[in-house]
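Input: a single structure, listed below in structure tokens.
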Amino acid sequence: MAKVKVGKINDVQEGKGKVLFINGKEIALFKLNGEFFAMDNTCPHQGGSLGDGSVNGDIVTCPLHGWEFNVKTSTCLLLEHIKLDSYKVEVSGEDVFIDV
């Protein structure tokens with residue numbers, strides 16, 4: 001794994017997601033209460049972009065068919081055996097890094 005700088009803390013709005021493309025991976029970065037979380041962006045149901053989904057608390061809803069995932073654990077609420085890959089996020093000063 002390599003630590004990759006993905007931007008500044010103000011690049012992601014509070015309570016929203018942002019889609020990133022890092023080393024050939026599509027990753028959704030979320031900011032909740034000033035804390036950052038990252039997971040695979042692609043919903044396993046039909047490929048919806050979770051980074052473009054609506055966020056309510058710590059739950060993101062896929063914009064295509066409504067599958068919900070816990071942003072903090074990357075676990076699907078509908079089918080708890082489905083867990084997306086998640087990535088460690090670090091903040092240093094104003095910079096945000098993800099281990100990919």
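We did not get these values from a lab; they are worked out from the coordinates using the rules stated. All values reported here derive from a predicted model rather than from experimental measurement. Here the Cβ is made from the backbone with ideal geometry for all residues, glycine too, and neighbour counts use every protein chain on show.
Arranged from fewest to most other beta-carbon atoms within 10 Å of their beta carbon, 45, 81, 65 become 81, 65, 45.
When only alpha carbons are used to place a centre, segment 63-100 and segment 1-55 end up 7 Å from one another.
Cβ-to-Cβ counts within 10 Å put 50, 78 in ascending order as 78, 50, the fewest first. Of the residues 92, 74, 54, 86, the one with the fewest other Cβ atoms within 10 Å heads the list, and the complete ranking is 92, 54, 86, 74.
Once you sort the root eigenvalues of the Cα gyration tensor of segment 6-63 as a ≥ b ≥ c, which label holds: rounded (a/c under 1.5), prolate (a/b larger than b/c) or oblate (the other case)? Cα axes put segment 6-63 in the oblate bin.
Residues of segment 1-45 with backbone nitrogen within less than 15 Å of a virtual label 7 Å along the Cα-to-Cβ line of residue 92, please, listed as ranges. Under cut-off, by backbone N: 2-9. Computed extension gain for residue 14 through residue 73, at 0.36 nm per residue and net of the alpha carbon distance, reaches 19.4 nm.
For the chain, the Cys residues with no second cysteine's beta carbon closer than 4.7 Å are 76.
May I ask for log10 I(q)/I(0) of the chain at q = 0.12 Å⁻¹, from a Debye sum over the Cα atoms as equal point scatterers with solvent left out? At q = 0.12 Å⁻¹ the computed log10 ratios are -0.33. Remark on residue 77: its backbone amide H falls under 5 Å from those of 68, 69, 70, a criterion applied only to residues 5 or more positions apart or on other chains, H modelled at 1.01 Å from N.
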